[in-house]
Amino acid sequence: MSSQVQPPHQAPDSKVDTRTSGGGLGEINGDQTEGQHPDGLVAKAVDAANEVVAKDGEDGQRSKASLVDGWRYLNKDGFTREPLKIAIAGGGASGICLALKLLQAQKSGRLGDIHITIYERSQDYGGTWHSNRYPGCRCDNASHVYQFSFAPYADWPQFYSSSRDINKYMHIVAQKFGVEPLIKCNRTVKSAIYSEETAKWTIEVEDKDSAVETIEVDIYVPATGVLSQVNKPHIPGLENFPKDKVLHTAEWPVDLDYETAFKDENVAVVGNGSSGLQTIGTIAPFAKSVSIFARSKFWISPPILAERAGVRDWKGGNFYYSDAEREEFAANAEALWKHGYELSEATMHLFDIFRKNSAEQEGMKALLRQLMNADLRDPQLIAKLVPDFDVWCRRVTPCVPFMEAIHMPTVSLTMDPIEKVSKQSITTKNGQEYNVDRIILATGFDTTFKPKYPLRGRKGIDLSDIWSIRPKGFPNMFIMCGPGTTFANGAVLPGMEANAQYIVDVVAKMQSQDIRSMEISQESQDEYNRQQESVMADLVFTSSCSSWYKGGKADAPPDALYAGSSLQFMELLASPRWEDWKYEYRYKNKYSFLGKGTSSIEARGGDRAFYLDKEIYRNPLRESEYREPTNGAIPINI
């Protein structure tokens with residue numbers, strides 16, 4: 001590889017004129033500054049240097065540069081930012097957030113030339129909020145908490161917003177911040193292969209017409225999140241049931257009017273996670289009957305942070321913001337900030353509950369048990385639904401509509417496992433047969449994080465094959481919202497922003513320091529995992545319960561979650577530990593990026609006295625402030 005590199009966009013014999021940069025060498029007596037004068041000393045020196053460069057040959061390397069132990073500096077400005085291509089898989093909240101942060105860093109000058117493409121497999125972007133449109137689908141974080149810190153929204157219609165309203169918010173963000181043009185919809189990543197020879201990723205992307213495009217990128221970012229791969233359970237005989245009468249909450253038809261369609265139907269709902277509870281509470285008043293097939297107990301809470309919302313017209317565990325209040329939010333920044341601050345600050349106290357046997361955990365368990373017992377009333381329902389495991393071992397769902405629906409005479413609940421499905425019924429293992437006209441699979445997502453396509457790193461190692469054993473060997477690949485994220489630790493999106501900013505920091509380092517590839521060292525990865533697992537053992541997430549945090553298994557490790565608070569997660573990622581990484585450099589000298597000794601400021605004609613803060617100069621030191629030392633020092637020559 002040649003060690004002689006031209007500065008980007010500059011011909012070998014081009015002349016650099018710094019006379020208009022605002023800097024220069026003034027006369028010592030201060031009578032006149034010549035930095036911007038055509039005949040100034042610096043200008044003359046630059047002209048002379050340009051003449052030398054022009055005579056030194058096509059490559060621009062100084063002829064008198066010394067070869068020191070086999071190394072000669074590169075004739076380029078220091079910190080030259082090499083162009084990079086970045087592919088992001090997934091156009092949901094995390095993909096949008098990362099692309100936005102990258103664009104902002106490029107605009108500010110922290111990043112140089114970068115080419116970003118987001119590949120979204122659906123016909124529209126928005127991620128889980130686009131795909132999930134089942135009845136009653138909404139976020140269980142308050143709306144003014146579930147938003148980006150850089151994009152507060154004045155027009156949230158409800159305290160808990162629907163998937164449709166959140167999807168609209170994501171579109172507004174993508175449009176306002178210039179991300180939408182970067183998104184290619186109907187594009188499915190079919191494979192991602194790393195080349196050790198080129199230090200690049202080769203990505204195969206298939207469009208809706210099955211045409212496959214092969215692209216090569218410097219950095220690959222899976223940003224598909226955890227709620228993206230539909231989990232379709234294997235139920236004996238399900239293939240015999242009319243296909244048009246089987247629905248999945250993650251694949252809900254856009255045009256289905258359930259209020260009309262279900263009025264003469266006996267509907268079976270399989271699953272009692274968040275999607276199941278929200279679906280049941282919404283469709284029950286409109287269906288002829290609803291039979292619930294549940295597998296495990298669960299905690300249900302009243303609206304979280306309701307007391308921080310003030311006096312409201314609560315209905316079904318939710319309320320609408322009035323038009324007047326939304327207008328006030330739009331016109332009064334203080335009011336909008338105060339509302340969001342109070343809700344967010346309270347959310348960040350949740351971690352106090354997550355320690356096993358803590359006073360906060362035991363207090364929350366007693367409170368929710370009392371409330372659920374009072375709402376359920378029926379001893380049989382209480383025995384079936386109220387759990388013994390810790391609160392938040394599996395995700396707590398605020399779902400008042402479900403607690404109302406469970407008492408309807410048309411709604412039944414069984415915890416007996418399904419034995420088989422026939423053309424018109426479901427039979428459980430105890431022999432009970434339920435006649436049903438429609439089946440709704442509320443079985444959520446495959447949360448094992450395993451990619452559904454070949455994703456191969458060094459030596460052809462496939463991530464799917466080694467995911468469970470703490471994988472290594474995937475340079476230049478950075479995951480958004482992968483394992484070890486703050487999905488349950490407090491507010492979700494601030495952690496996502498920290499994740500995105502960390503990747504921006506990595507990209508900036510790679511781009512400006514001639515780094516060919518980066519990957520975490522095995523030692524650092526192992527020590528980090530030991531620390532996480534040690535803390536996690538004392539958190540409620542490792543209690544015995546079936547949870548998507550654990551891939552749906554009762555006693556598996558909760559790999560989805562970070563073992564700490566959201567605030568600690570943000571603090572950790574704010575200052576990257578560069579010592580944890582292994583680097584391959586473009587050249588044999590790791591300091592090649594320093595080039596010929598000039599800075600990026602000089603290269604782009606920036607402010608050469610940027611370090612002088614005009615605000616500080618408004619309050620200069622004065623001679624009158626001098627005082628005799630009081631620490632025993634003897635002043636000399638003052």
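For this structure, a couple of remarks:
- Meets criteria (outside any loop (DSSP other than H, G, I, E, B) and within 19 Å of the chain's Cα centre (by Cα)) for residue 535: no
- Total residues in the range 366-384, condition modelled with pLDDT of 95 or more and among the polar types (S, T, N, Q): 2
- In the range 491-526, of all residues being surrounded by 23 or more Cβ atoms within 10 Å (Cβ to Cβ) and part of a loop (DSSP other than H, G, I, E, B), the one that is modelled with the highest pLDDT corresponds to 514.
- Test: residue in the range 453-465 that is buried (at least 17 other Cβ atoms within 10 Å of the Cβ), touching a Ser or Thr at 6+ places or on another chain (Cβ under 9 Å) and in a strand (DSSP E or B): yes
- Conditions (1) modelled with pLDDT of 95 or more; (2) in contact with a Gly (Cβ under 7 Å, 6 or more places away or on another chain): number failed by residue 448: (1)
- Only one of the listed residues (419, 360) is touching a residue at least 60 places away in the same chain (Cβ under 8 Å) and either in the same structural domain as residue 261 (by TED's automatic domain parsing) or part of a loop (DSSP other than H, G, I, E, B) (or both). That residue is 419.
- Residue in the range 561-571 that is closer than 30 Å to residue 395 by Cβ, without any contact (Cβ under 8 Å) to a residue 24 or more places away in the chain and outside any loop (DSSP other than H, G, I, E, B) present: yes
- Count of the range 105-121 residues which are part of a helix (DSSP H, G or I) and not aliphatic (A, V, I, L, M): 3
- Residues (touching a residue at least 12 places away in the same chain (Cβ under 8 Å) and part of a loop (DSSP other than H, G, I, E, B)) located in the range 591-631: 595, 596, 597, 598, 599, 604, 605, 606, 607, 608, 609, 626
- The residue list 368, 381, 376, 350 contains one member that is over 30 Å from the mean Cα position of the chain (by Cα) and within 16 Å of residue 140 (Cβ to Cβ), which is 368.
- Of all residues in the range 189-208, exactly one satisfies the criterion of being in contact with a helix residue (DSSP H, G or I) (Cβ under 9 Å, 6 or more places away or on another chain) and among the aromatic types (Phe, Trp, Tyr), namely 194.
- Breaking point among (1) more than 18 Å from residue 119 (Cβ to Cβ); (2) over 20 Å from the mean Cα position of the chain (by Cα); (3) basic (Lys, Arg), for residue 208: (1)
Listed here are the residues, each with its yes/no results for (1) modelled with pLDDT of 90 or more; (2) part of a helix (DSSP H, G or I); (3) surrounded by 21 or more Cβ atoms within 10 Å (Cβ to Cβ); (4) among the acidic types (Asp, Glu).
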{"position": "390", "(1), (2), (3), (4)": "yes, no, yes, yes"}
{"position": "402", "(1), (2), (3), (4)": "yes, yes, yes, no"}
{"position": "407", "(1), (2), (3), (4)": "yes, no, no, no"}
{"position": "413", "(1), (2), (3), (4)": "yes, no, no, no"}
{"position": "426", "(1), (2), (3), (4)": "yes, no, yes, no"}
{"position": "430", "(1), (2), (3), (4)": "yes, no, no, no"}
{"position": "439", "(1), (2), (3), (4)": "yes, no, yes, no"}
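- Looking only at residues of the range 536-590 that are of a type in the set (Lys, Arg) and over 30 Å from residue 510 (Cα atoms), we find that the one that is surrounded by the fewest Cβ atoms within 10 Å (Cβ to Cβ) is 553.
The values are calculated or read from the model by the stated rules, or taken from the named source; none is laboratory data. Computed from a prediction, not measured in an experiment: that's the story for all the values here. Cβ coordinates were reconstructed from backbone atoms using ideal geometry, including for glycine residues, and neighbour counts include every protein chain displayed.
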